[in-house]
Amino acid sequence: GLGLASMVIVFFCNSYYIMILVWGLFYLVHSLTDTLPWATCGHTWNTEQCTELFHLELCRNGSTNASAGTGTFNLSCADLASKRSPVIEFWENKVLRLSGDLSEPGEMNWQMILCLVTTWVVVYFCIWKGVKSTGKIVYFTALFPYVVLILLLVHGVTLPGALGGIVYYLKPDWSKLAEAQVWIDAGTQIFFSYAIGLGALTALGSYNRFHNNCYRDAYILAVINSSTSFFAGFVVFSVLGFMASEQGVDISKVAESGPGLAFIAYPKAVTLMPLSPLWATLFFFMLLVLGLDSQFVGVEGFITGILDLFPQPGAGSLRRELTAALCCIVCCLIDLSMVTQGGMYVFQLFDNYSASGITLLWQAFWECVVIAWVYGEARGTRGGGDTRGHGPLPAGPHPPLSTQGIFVFHVVNYKPLTYNKTYVYPWWGDAIGWVLAFSSMLCIPCTVLYKLLRCKGSLRERWQLLTTPIWGHHHLEY
């Protein structure tokens, strides 16, 4: 059941995560200009409310000069508050072409469809031959972003206001620890960042040699992942500090999260820099490369699971290539719903329900329970010791308690989904989200019931038979 659930989760993740690459590619193409299109008003996608000036401290005396697509005029603070940044208008009116409601899908954006097909073609030809060819590509896609991050940091710390952004990043607000949502966000972010519960790392780990030191790999993965995130924080907040300094507002006003950081806050900050097209190109190319890295892992993990679910020894590489092609095509067809005018609402449904938050917490909790108390900790660590070549490290019951605690927090603090803190999803929209969530969560109890009912003997005999591991031929060799 856990295996099936992880397959469903990673399939949904592959389907919607690709949109980050699609948007990144769209911005990358539009960065290859002399003037960034989201830096100014006066374009076809801009409205009369567009203004390029947001120095709020200038309007304390009652008015300020604001530049818009139609010219320069005086604005009061009240008028300025109703104005919109060209960065936000580019994101909502040009990229998303956002409709007013989930029930209004509107038209498809042919430019986004082109970006969508391009990204899926790139992903397919990077993974179609298997992990050996993908591994060679990852040498570039995993290492090149570090070069860009270092360049962005060196440039970012030289900008005025950068120190204020870094201090804001490093100085904690201890009162936030009393908020349940902080712990929910932290737990689900770590789970998603480490791909816990997605099954992708398990699938890729199956390609290792039997005596590969999995403990060492797990520690290296954790250290590199968290260290990179911490380092990237300096890159982001040095630029956000500069942005806050330029606009004369507190940094908390410009620090976005989620897609807003990558496609609103950072693009806005880039427009304030000298040689802005260069830095925009570097940033979005890095974003595209990092997204491809994550997409490789998810698609490869799903394909490996499909091939293992229906094994055909000696079938050759053609079967794998066809399976990969079918997977990419099906996901691409699902993604067509996200390149419509209501696509962002669909994207958020997938992001909040199908492959993060409550589904990952549920999956991880039962993984801990199964290994510790069903399969048995002694048996599990002994088997792990066989593959590691040394004895187990001490284990305890805390992972199930921590995941269960965050899971309960999540349920108790559940609120209807909203977009941009203003649009509240209708009840049937949330219902669709819960269907996406339960499609993976129910795999676990349903599989348990199915196996128990299909097995023969008393309940105790069925349980003992079903929880006894079956070693494959490649395991018995050792």
*Pick out, from the range 98-189, the helices (runs of 4 or more DSSP H) lying fully within it that include 3 or more residues that are closer than 27 Å to Ser15 by Cα and either open to solvent by less than 20 Å² (accessible area, probe 1.4 Å) or touching a helix residue (DSSP H, G or I) at 6+ places or on another chain (Cβ under 7 Å) (or both).*
110-127, 131-156
*Pairs, please: C-beta under 6 Å, at least 6 apart or cross-chain, first residue in contact (Cβ under 8 Å) with a residue 12 or more places away in the chain and in the range 200-226, second part of a loop (DSSP other than H, G, I, E, B)?*
Leu201/Ala195; Phe210/Tyr478; His211/Gly389
_Restricting to the range 403-439, name every residue that is of a type in the set (Gly, Ala, Ser) and more than 28 Å from Leu177 (Cβ to Cβ)._
Gly429, Ala431, Gly433, Ser439
*Of all residues in the range 2-39 being among the small types (Gly, Ala, Ser) and part of a helix (DSSP H, G or I), the one that is nearest to the chain's Cα centre (by Cα)*: Ser15
*Name every residue in the range 205-238 that is hydrophobic (A, V, I, L, M, F, W, C), part of a helix (DSSP H, G or I) and touching a Ser or Thr at 6+ places or on another chain (Cβ under 7 Å), in order of residue number.*
Cys214
*Counting only residues that are under 30 Å from Ala262 (Cα atoms), of a type in the set (Phe, Trp, Tyr) and open to solvent by 80 Å² or more (accessible area, probe 1.4 Å), how many does the range 200-239 have?*
2
*Here are Val289, Val299: which of them is closer than 18 Å to Tyr27 by Cα and either touching a Phe, Trp or Tyr at 6+ places or on another chain (Cβ under 9 Å) or without any contact (Cβ under 8 Å) to a residue 12 or more places away in the chain (or both)?*
Val289
*asked:* Could you check the range 253-290 and list, in sequence order, the residues that are surrounded by fewer than 15 Cβ atoms within 10 Å (Cβ to Cβ) and either modelled with pLDDT of 80 or more or touching a Cys at 6+ places or on another chain (Cβ under 7 Å) (or both)?
replied: Pro274, Leu275, Leu278
_Would you confirm whether or not the range 430-448 contains a residue that is open to solvent by 90 Å² or more (accessible area, probe 1.4 Å), under 35 Å from the mean Cα position of the chain (by Cα) and over 15 Å from Ser354 (Cα atoms)?_
no
*Out of the residues in the range 136-181 that are at pLDDT below 85 and of a type in the set (Val, Ile, Thr), which is farthest from the chain's Cα centre (by Cα)?*
Ile137
*Qualifying position, being of a type in the set (Asp, Glu), out of contact with any Pro (no Cβ under 6 Å at 6 or more places or on another chain) and open to solvent by 60 Å² or more (accessible area, probe 1.4 Å), among Asp293, Asp250*: Asp250
*In the list Ala280, Ala269, Ala324, Ala265, which residue meets the criterion of being under 20 Å from Trp128 (Cβ atoms) and either of a type in the set (D, E, K, R) or assigned to a helix (DSSP H, G or I) (or both)?*
Ala324
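The values are calculated or read from the model by the stated rules, or taken from the named source; none is laboratory data. Everything quoted here is computed from the prediction, not taken from an experiment. Neighbour counts run over all protein chains shown; Cβ positions are idealised from the backbone, glycine included. Ligands, DNA and RNA are excluded from the accessible area calculation, which covers all protein heavy atoms including side chains. Shrake-Rupley method; radii C 1.70, N 1.55, O 1.52, S 1.80 Å.
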